[in-house]
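The values are calculated or read from the model by the stated rules, or taken from the named source; none is laboratory data. Everything numeric here is computed off the predicted structure, so don't read it as measured data. Positions of Cβ are generated from backbone atoms using ideal geometry, with glycine treated the same way; all protein chains shown enter the neighbour counts.
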Amino acid sequence: MIYPDVVDFAAALPPNRAICGLDLGDKTIGVAISDLRRLVATPVTVIRRVKFTLDAKALLDLLAARGVQGIVLGLPLNMDGSSGPRVQATQAFARNLVRLTEMPITFWDERLSTVAAERALLEADTSRKRRAEVIDQVAAGYILQGALDRIDALDRSAAR
């Protein structure tokens with residue numbers, strides 16, 4: 001099921017299971033996975049896109065092997081918050097993916113995630129070649145970490 005709101009997504013998740021963040025691009029899908037307590041996002045890999053059925057199989061196989069139980073898709077809103085063709089493509093990807101898995105899916109505003117990832121890689125003195133190889137998975141890590149921080153804040157406020 002697709003949950004437009006991260007609050008409903010968090011409520012649908014089983015306890016102590018990892019979730020993943022995806023940075024969906026035209027040519028690649030950056031993948032990051034959380035720890036079991038859902039506190040830390042770790043960039044994992046990049047899936048080279050071929051066509052949806054092959055992309056989905058590669059992704060779902062990876063997530064099954066890692067015990068992932070939820071998916072956070074980066075939503076590429078325009079800087080003014082409006083939706084464009086990339087948002088529509090991401091939502092279509094989610095609609096197609098939800099037909100293949102029972103995992104809850106939500107969206108997270110990914111504005112500036114690639115910029116933040118690029119900055120972090122530059123600060124780490126990563127070579128241009130290596131940055132090109134890992135930028136999408138690092139951006140997925142930023143997307144997932146934002147969602148994890150929000151879910152953690154919700155959990156802490158509910159515990160009060």
Looking at the range 9-22, which of the residues that are surrounded by 24 or more Cβ atoms within 10 Å (Cβ to Cβ) and in contact with a Leu (Cβ under 9 Å, 6 or more places away or on another chain) is nearest to residue 95 (Cα to Cα)? 22
Considering only residues that are under 11 Å from residue 69 (Cα atoms), part of a loop (DSSP other than H, G, I, E, B) and not charged (D, E, K, R), which ones fall in the range 1-29? 13, 14, 15, 16, 18, 19
I'd like the full set of residues that are touching a residue at least 24 places away in the same chain (Cβ under 8 Å) and closer than 20 Å to residue 152 by Cα, limited to the range 37-66. 38, 39, 40, 41, 42, 43
Exactly one condition in (1) in a strand (DSSP E or B); (2) hydroxyl-bearing (Ser, Thr, Tyr); (3) modelled with pLDDT under 95 is not met by residue 106; state its number. (3)
Has the range 74-94 got at least one residue that is in contact with a strand residue (DSSP E or B) (Cβ under 8 Å, 6 or more places away or on another chain), among the charged types (D, E, K, R), surrounded by 13 or more Cβ atoms within 10 Å (Cβ to Cβ) and more than 22 Å from residue 154 (Cβ to Cβ)? no
